[in-house]
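This report concerns only the one structure given below.
The values are calculated or read from the model by the stated rules, or taken from the named source; none is laboratory data. Predicted model, so just to flag it, every value in this text is computed and none were measured. Every residue, glycine among them, receives a Cβ derived from its backbone with ideal geometry; neighbour counts consider all protein chains shown.
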Amino acid sequence: MRFGNHQTASLVALTLLGAGTLWALSAIAAVAPQAAAPAKRHAWDNPKLSPDQRAALLLAAMTREEKLTLVFGYFGTDFASKNYSAPAGALQGSAGFVPGIPRLGLAPQWQTDAGVGVATQGGAKNKRARTALPSGVATTATWDPAFGFAGGAMIGAEARSSGFNVMLAGGVDLQREPRNGRNFEYGGEDPLLAGTMVGSQIAGIQSNHVISTLKHYAVNDQETDRDHGNSIIDETAMRMSDLLAFHIALERGNPGSVMCSYNKVNGDHSCENAFLLTQVLRKDWGFKGYVMSDWGGAHSTVKAANAGLDQDSGFPFDDQPYFGKPLAGAVAKGQVTPARLDQMAGRILRSLFAVGVYDHPVVARPIDIAAHRAITRRDAEAGAVLLRNTGVLPLTGAAKRIAVIGGYADKGVLSGGGSSQVYPGGGQDGGNAVPGLKPTSWPGPIVYFPSSPLAELRKAMPASQIDFADGTDRAQAVALAKQADVVIVFANQWAGESFDVSLSLAEDQDGLIGAVSTANPRTVVVLQSGGPVLMPWADQTAAILEAWYPGSAGGEAIANLLTGKANPSGHLPMTFPMALNQLPHPEQPHAGDTVYSEGATVGYKWFDAKGLTPLYPFGHGLSYTTFAASGLTVQPSGAGLVSSVTVKNTGARAGADVVQIYLEGAGWEAPRRLGGFKRVVLAPGQSSRVQIPVDPRLLAVWRDGWRINAGTYRVYAGQSSRELGQPVSVRLAARSLPGR
Ligand code: BGC
């Protein structure tokens, strides 16, 4: 929730604090991001000690008041209409701030959103100009953890150079509901793919000694009624779907923090849900970092603290400053024990040591924009998915006249809205290439990055005449299309935080595409969307490129893909349905209880279980070259498997293939599951033998612990969830897996 008319944002709390507290904070927060390294004079400064030992030493030196300081977070930005001023030392325009404790050498925690780069709050007077990665699902569509890590390392470096030491990234809620407005921030519909890719990004961010979160824990799978909505899901199904994605991301990324979500899960708000925060996260998964609430996600003091919430974030968004004075009171009364307060503060300290925040104080530095732009462009190129191509792509010099239509392609590329919004420039507009589109305030503004696909195409094809029509005048667009050798229509779906979307393109873009592709069948559609959209015109087009939200260098990436300078290699991280009635919940997301009766049968698993034909299946993605897989073998490896397969580039262009291992077992939630994957870059004619391990949990079912049933399992090396080669069978004995 943010500036604007968000109904639940309440700042009652501020008045309860009183002016004296704010004054004191200004003094505490005098430690600016540029602060020098703490003088090495404390016992806990010794880097040879473990994070646990160092945290214990520091904790022992703290007063109760200091511990309470650590568990209570401020909003980082002034909020004029609510009469809230962020404490001195906070970075204006940022998400959050937790004061430091100078006498102990402890710097403040400066918190910034989010997963595609260093964001600025929409209402902030001055935006910070930063590099944006493509959306989370775009990076996931590379199916290559190296892209996840590289992008994470880049945005983590920008966070650090901007004076932040906590990045609120790591969104991994499963795409259960294709209309969820925040799907673009996440990692798609499969627990293995999402967990692996998001975990890699977290590891990349933290390689900068910047703490990353993993969020929004858990089952925060729609935005409608997100503050009070109740996700009802059976524990077994949750363990095998949403929670598995979180667990894999946690193992791979080792985040310093987990952010609990706004919604309720089976009746309890996530941030006071003992099952999620204590049973699963601590007892089953052994998480040692701290849990922070989402901004306004805390709903109580005693219940939340005792359920496992360690830090109350952005307190002005809560109804009460729950972990401020009320927590002090609850500890004094013994409703929250001093030992529990120690545990809360100790976990925060542990992460500050473990991730290196304490030993590597942030220092504001200039950012190498050119180098970072190359990183985001490569990510956008590798994540775009060529959904359809009858041969019109890549464009060649034979296309003498090209018509580009719609989607503000003359101005820039679209981005997703909400707290994760990165701005390409400074000032109030933040360098928005198409300012003024509604909504201009929360959950807007709608931001286009000034990387124009039209301008980039003109640069790449100087011998062709490339004309533009903005698409608002249908007759003009059709006339232009008729004269062209090839037409490229840009179709956009804006998605963002706090609302869910329609799968049908707005403003009758379907009508525009229909008219233009009827006028000229050599029509290419470039989609910029948060996730799947319905495409009643798909068969009428010559090609479709799903570019997602392609980030700061999106225009260059799109031009490179269309002209063949880059060869498409992205694969869908989610199913594109043909129609709403194919979904487990065809009706638009609603308030109140959402009963996920489909359980773990999410995405392609649902489509396979019900025998439905999607528009484009999970894992689908074309290339300008061709690949062949052969020689699949499968060996037991530990409790899991390892599969080996030879993949060959059988075409005439260099390209990257994604080998997808699918598993088939009896008694599962669905006929098949993704068991492993690997992206391989191959020159024409080149082949490579790749080994792909299969995590034993993907062969198992949850029966109060992971259990592999005895039986015959089939393993496929596929090109998508619907293009499977010949299977190899493997017999497995019954066994229970260690851990939970
Ligand atoms: C979002 C979080 C974000 C936080 C801080 C919330 O509205 O749900 O994802 O990190 O705000 O801006």
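crowded, with 23+ Cβ neighbours inside 10 Å, part of a loop (DSSP other than H, G, I, E, B) and not acidic (Asp, Glu) - does that describe any residue in segment 584-594?
Within segment 584-594, none of the residues are crowded, with 23+ Cβ neighbours inside 10 Å, part of a loop (DSSP other than H, G, I, E, B) and not acidic (Asp, Glu).
Have a look at 284, 312, 268 and point out the one that is within 16 Å of the ligand (Cβ to nearest atom) and either closer than 26 Å to residue 165 by Cβ or charged (D, E, K, R) (or both).
Numbers: 284 fails: within 16 Å of the ligand (Cβ to nearest atom); 268 fails: within 16 Å of the ligand (Cβ to nearest atom).
Criteria check complete, one pass: 312.
Take residues that are surrounded by fewer than 19 Cβ atoms within 10 Å (Cβ to Cβ) and tell me which of the strands (runs of 3 or more DSSP E) falling wholly in segment 214-332 contain 3 or more. Give the derivation first.
Values: elements: 230-232, 257-260, 290-293.
It comes to none.
Within segment 197-209, how many residues are crowded, with 24+ Cβ neighbours inside 10 Å and either within 16 Å of the ligand (Cβ to nearest atom) or more than 12 Å from the chain's Cα centre (by Cα) (or both)?
7
Could you tell me how many of the residues in segment 564-583 are over 24 Å from residue 242 (Cβ atoms), buried (at least 20 other Cβ atoms within 10 Å of the Cβ) and of a type outside the set (Gly, Ala, Ser)?
Matching residues across segment 564-583 total 2.
Quick one: which residue in 498, 451, 441, 420 is crowded, with 23+ Cβ neighbours inside 10 Å, part of a loop (DSSP other than H, G, I, E, B) and within 16 Å of the ligand (Cβ to nearest atom)? Before the answer, list the steps.
On the way: 498 fails: crowded, with 23+ Cβ neighbours inside 10 Å; 451 fails: within 16 Å of the ligand (Cβ to nearest atom); 441 fails: crowded, with 23+ Cβ neighbours inside 10 Å.
Criteria check complete, one pass: 420.
Run residue 343 past the list (1) without any contact (Cβ under 8 Å) to a residue 40 or more places away in the chain; (2) under 22 Å from the mean Cα position of the chain (by Cα) and report the number of the one that doesn't hold.
(2)
Please specify each residue of segment 398-448 satisfying the condition of being among the β-branched types (Val, Ile, Thr) and touching a helix residue (DSSP H, G or I) at 6+ places or on another chain (Cβ under 6 Å).
Looking only at segment 398-448, we keep the residues that are among the β-branched types (Val, Ile, Thr), and these are 402, 404-405, 413, 422, 434, 440, 446-447.
Residues satisfying the conditions are 404, 405, 413.
Please state which of the following conditions residue 542 fails to meet, knowing it meets all the rest: (1) of a type in the set (A, V, I, L, M, F, W, C); (2) closer than 21 Å to residue 197 by Cα; (3) surrounded by fewer than 24 Cβ atoms within 10 Å (Cβ to Cβ).
(2)
Take the residues in segment 112-144 that are more than 15 Å from the ligand (Cβ to nearest atom) and surrounded by fewer than 24 Cβ atoms within 10 Å (Cβ to Cβ), then tell me which one is farthest from residue 427 (Cα to Cα).
Filtering segment 112-144 for residues that are more than 15 Å from the ligand (Cβ to nearest atom) and surrounded by fewer than 24 Cβ atoms within 10 Å (Cβ to Cβ), the one farthest from residue 427 (Cα to Cα) comes out as 129.
Suppose the filter is polar (S, T, N, Q) and more than 14 Å from the ligand (Cβ to nearest atom); does residue 300 pass it?
The answer is yes for residue 300.
Look at residue 104 and say whether it is modelled with pLDDT of 90 or more and either more than 16 Å from the ligand (Cβ to nearest atom) or in contact with a Lys or Arg (Cβ under 8 Å, 6 or more places away or on another chain) (or both).
Values: modelled with pLDDT of 90 or more: yes; either more than 16 Å from the ligand (Cβ to nearest atom) or in contact with a Lys or Arg (Cβ under 8 Å, 6 or more places away or on another chain) (or both): yes.
So residue 104 passes the test.
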